[in-house]
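The values are calculated or read from the model by the stated rules, or taken from the named source; none is laboratory data. Please read all numbers here as calculations on a predicted model, not as lab measurements. Cβ placement follows ideal geometry from the backbone for every residue including glycine, while neighbour counts extend to all protein chains displayed. Quick note on the areas: whole protein, heavy atoms, side chains included, nothing else; ligands and nucleic acids left out. Shrake-Rupley method; radii C 1.70, N 1.55, O 1.52, S 1.80 Å.
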Amino acid sequence: MATQKKKLHRISDAFTMFIVSGLSLLLLMYVAFGEGQRTYQQFHLEKLVAQGRVIQSAINNFLRPGLPLRQYVGFTTRAGTILSSDPSIASIVVYDAAGAEVFAVGESAIPLLPESDSISSQASGTADTRMSDQFVQAVLPLRNRYEIVGQLAVTMPRALVADRVQKNFEPLLVVAGVLSAAFGIAVAAFRPALRGRRMPWLQVGYGLTFLLMACFVILTLINLYSEGAQAKTKALADSLGQRLTDIVGFNLNIEEIRGLDKIFGDYRKLNPDISAAGLTVNGVVSIHTDRSKVGRPWVNDKRDYQYTVDITPSDSIRRIEVAVALPVNIVLRQIVRSVKNFAALFVASAFIAGLFLQMAGSVQRYHEGMDFDDEEEDVERYKGEAALSFVKPLFFVAVFVEHLMYSFLPQFVHDVVGQWGLSSGYVSAPFMAYYLFFALALVPAGHYAQQFSPRPLIYGGLILAAAGIALLLMPVDFFVLVLARSLAGIGQGMLFIGVQSYILMTASPDRKTQGASIIVFGFQGGMISGMAIGSLLVTYLGSDGVFTLAAGVAFGLALYTLVLVPAIQSKDSSNLRLGIPLKQLGLSMLQVIRNLDFVKTMLLIGIPAKAVLTGVVIFALPLLLAKKSFPQEDIGQIIMVYAAGVILASGYVSRLVDRVGQTHSVLFWGAAISGIGLMLVGMIDWTPIAMAPNSSTLVTIVLITGIAIVGIAHGFINAPVVTHIAESELAGRIGESAATATYRFLERVGHIAGPIVVGQLFLWYGQEAEILGWIGAYIFVAGLIFIMLYTRPRAQTTRETPS
């Protein structure tokens, strides 16, 4: 019987690991598929532009003297040649200034697509790229000497790109299935033998599985991008060759034709991705964008994709060719970008997978303990461990759902406020509403949990949070936006208290600290995972898609709570009215605000740190980065750096404080370093940085460094400030619980004030990074004042014993 149960447990292990790793690998594939489709489509858009310029150049030469567009002769021949040589093109159409069709080859039913602001990048400054559900279109202006007189549209079906990318990715589904199955079987086979080892072999195995899948994905993307780059190179060479065909057709000496080198130079400026372009006569370079190569044989460079077009006239004895080279680095740059996104996704997936792997292990240990008829005390311990394991994902996933939106939510709010004609000062209102109602929900929720049960707070909070997110899917006005964020704040506040109370009621005395760590891990891990995945998904799903996903996950989590989380009742049978805890909180607040050390810590350390989190990191930073045209995934990943800094510093600093004490000096350094980090962020608009060579790279480095410093600095504050309050003279008089609970409540003022203060500063002085630098200077000065006002506390004679 025992052997049969062990087999069942191993099968359950294998299936669980297969599902967890399989979902992670499918998410990796989905992000890679979207990344590949977007980049491959961009290569084809640039190819369409290059092919369109062949016809645009010929028509513009005809129009320049002032001749009417409809009298142009030769469109069908030129366009037909391009259409026949490239089967991916559906139509090439010329429209006059009024939008009426003048010439057309290919599918004439395809209209001129409307202009769209959603295109993230354009192939060039003189070509507009447009999209619909069915087609992508490159639109080039046709102009005479004075004005634009028409447009040329080159159109390609989107399905061609999607089908090609899908064909490349289909084998990866098999690879993902095999790797997930192998991981699951390996865990089931070797887990008993490896249990108790110091090495985290389960996490290492998961990491290797993800890494192998990422390698297969990267190889697929390299193949896909190379194909796109070569198609673009061919189109660029054809475009340049068509421009020169008429000139060389006169059989003149190439060296005697003035202005040819300017044509090549201008063409390279128009297509900056080109590394070289030249014209050869009998294999010898006659014209080249690098003049030092003139007179030498044309040499193929392995670092480039090269394509040569023969433009030799039929009656010429010389072989004349046009060659264009596109650097392989253009593919490598796209691959590096994809690898960066995969790395962020790996971190997020590792948090999620680790969470559920731990949960599965705890549930298995619970069943193993129940199988061996242990003592009643042991059974209760197993039940408590299992209950904690079921609750652990709740707070993590709830924070994850909230932060899925944070990389683009400030810009979304900004756009709604602008559409309704309101002042930009109102942008901070929905954020303020969220944190205000979060704080207001804490005391009533705590009272309910103490009197009845925390479980309804958990699923009720999740339902409210989901409803708040779902409201954003409606036609949103400003008041609906504020209502949605208020509901989400109430829901998250209820959930926070529900999870915290559930942990305290179910965790055994020797696991209270582990229970409390669920809150810390849930917030920081959920923030990192949500930012990483949300910033990637919004690129492919759009804001509505992310809102739908977040609301659906929150509703699903509410059902999870109802089905799997065991119901518990409060052990406190006294029927206290809500007014009593409110009165107790009020009395504690009256006592603490008369204590100089408490007020100093609150105003100079605690509230500013929370205001920086909500006002700068969550609210201001996405707005500033969106204004600087940072991609959505980069915005989320930069904010991830902050959370990673907090996690990395918190563990080390907490141990340091426990070992040596001196919380006041740790808090000072936290404030000072935080101020320095913000001042560094504020320097991204400083002229020597903004105008430096490779300024975009330098700005990114300075920005990431500054945000990382702020995150590390907040690791110096988050836990030590609570210890500082707990060890204060005030805590000795009113009790640690009362002092720390009052501090936790009052520090919410920083959460609420952060978006309001930064929003007003943006309203008065504009959305400039310099403002963040001045905020950093204030934080630094506040830290100096805190340490200068520090007085060593007198010996304490009364201390409340923590319950």
Rounded to one decimal in nm, the spacing of the 7 Å Cα→Cβ label points at Lys293 and Gln134 is 4.3
Relative packing of peptides 348-354, 662-668, 48-54 - highest average C-beta neighbours within 10 Å first: 48-54, 348-354, 662-668
Take every Cα-Cα distance within region 647-732, group them into 10 Å bins from 0 onward, and report for each bin the whole-number percent of pairs it holds. 19, 37, 23, 14, 7, 1
Farthest towards the positive end of the dipole of region 579-725, among Pro631, Val657, Ile618 and with Cβ unit charges of +1 on Lys and Arg and -1 on Asp and Glu, lies the Cα of Val657
Among 93-106, 443-456, what's the highest-first ranking by average C-beta atoms within 10 angstrom per residue? 443-456, 93-106
So for the pair Ile317, Ala343, with labels modelled 7 Å out along Cα→Cβ, what separation do we get in nm? 6.0
Amide H neighbours of Ser91 under 5 Å, counting only residues 5+ apart in sequence or on other chains, H built in-plane at 1.01 Å? Glu107, Thr155
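Going by average Cβ density within 10 Å per residue, which order do the peptides 107-114, 411-418, 529-536, 604-611 take, highest to lowest?
529-536, 604-611, 411-418, 107-114
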Over region 255-338, calculate the relative contact order: mean separation of alpha carbon pairs under 8 Å at least 6 apart, over the residue count, as a percent. 29
In the structure shown, do any of Lys234/Lys628; Lys340/Lys392; Lys234/Lys293 have a Cα-Cα gap over 25 Å, and if so which? Lys234/Lys628; Lys340/Lys392
Quick one: Cα centre-to-centre distance for region 5-79 and region 617-644, in angstrom? 25
Quick one: pull the percent of accessible area on region 604-686 belonging to carbon and sulfur, 1.4 Å probe, ligands and nucleic acids left out. 67
Ile218 accessible area, assembled protein chains, probe 1.4 Å, Å²: 40
Tell me, how many Å apart are the Cα centres for region 662-701 and for region 279-315? 48
